Amino acid sequence: MSLTDILSPSDIAAALRDCQAPDSFSPKKFFQISGMSKKSRSQLKEIFRILDNDQSGFIEEDELKYFLQRFECGARVLTTSETKTFLAAADHDGDGKIGAEGINLFIHR
């Protein structure tokens with residue numbers, strides 16, 4: 001399964017266009033534009049599984065900086081500031097990584 005099986009390719013493209021400039025990435029805005037904020041918990045778990053590059057069950061800071069590239073291989077890498085802000089916002093238990101439930105809670109709040 002790929003992200004385009006769950007999200008519209010045109011919505012993904014629009015979300016990526018919106019944050020092309022360094023330090024312009026807003027997770028909440030990206031989730032809205034891409035359509036992720038309208039997906040069910042089970043669909044978000046599948047998206048999370050696809051985004052979890054090493055299949056560890058978590059998205060760590062090293063993986064998170066490549067978040068946009070999981071949607072399109074030519075997309076930019078998140079800046080250090082964007083990565084740390086995103087991680088801090090979605091890491092609900094403070095362990096330095098984001099689990100599937102953490103991303104669900106973050107997207108749906």
**Study point:** Count of residues meeting criterion [of a type in the set (Asp, Glu) and touching a residue at least 40 places away in the same chain (Cβ under 8 Å)] in the stretch 71-91
**Key:** 2
Check your understanding: Residues of the stretch 19-53 being open to solvent by 60 Å² or more (accessible area, probe 1.4 Å), part of a helix (DSSP H, G or I) and not polar (S, T, N, Q), which ones?
Key -> 28, 29, 38, 41, 45, 49
Review point. Of everything in the stretch 59-94 that's in a helix (DSSP H, G or I) and of a type in the set (Phe, Trp, Tyr), which residue is farthest from residue 26 (Cα to Cα)?
Key: 67
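Give me the residue from the stretch 61-75 that is open to solvent by 50 Å² or more (accessible area, probe 1.4 Å) and not hydrophobic (A, V, I, L, M, F, W, C) and, out of that set, farthest from residue 106 (Cα to Cα).
Step by step, filter the stretch 61-75, then rank; the result is 74.
The values are calculated or read from the model by the stated rules, or taken from the named source; none is laboratory data. Values in this document were obtained by computation on a predicted structure and should not be read as measured data. FYI the Cβ positions are ideal-geometry reconstructions off the backbone, even for glycines, and counts take in every protein chain you see. To get the accessible areas, we keep the full protein, side chains included, count just its heavy atoms, and leave off ligands, DNA and RNA. Shrake-Rupley method; radii C 1.70, N 1.55, O 1.52, S 1.80 Å.
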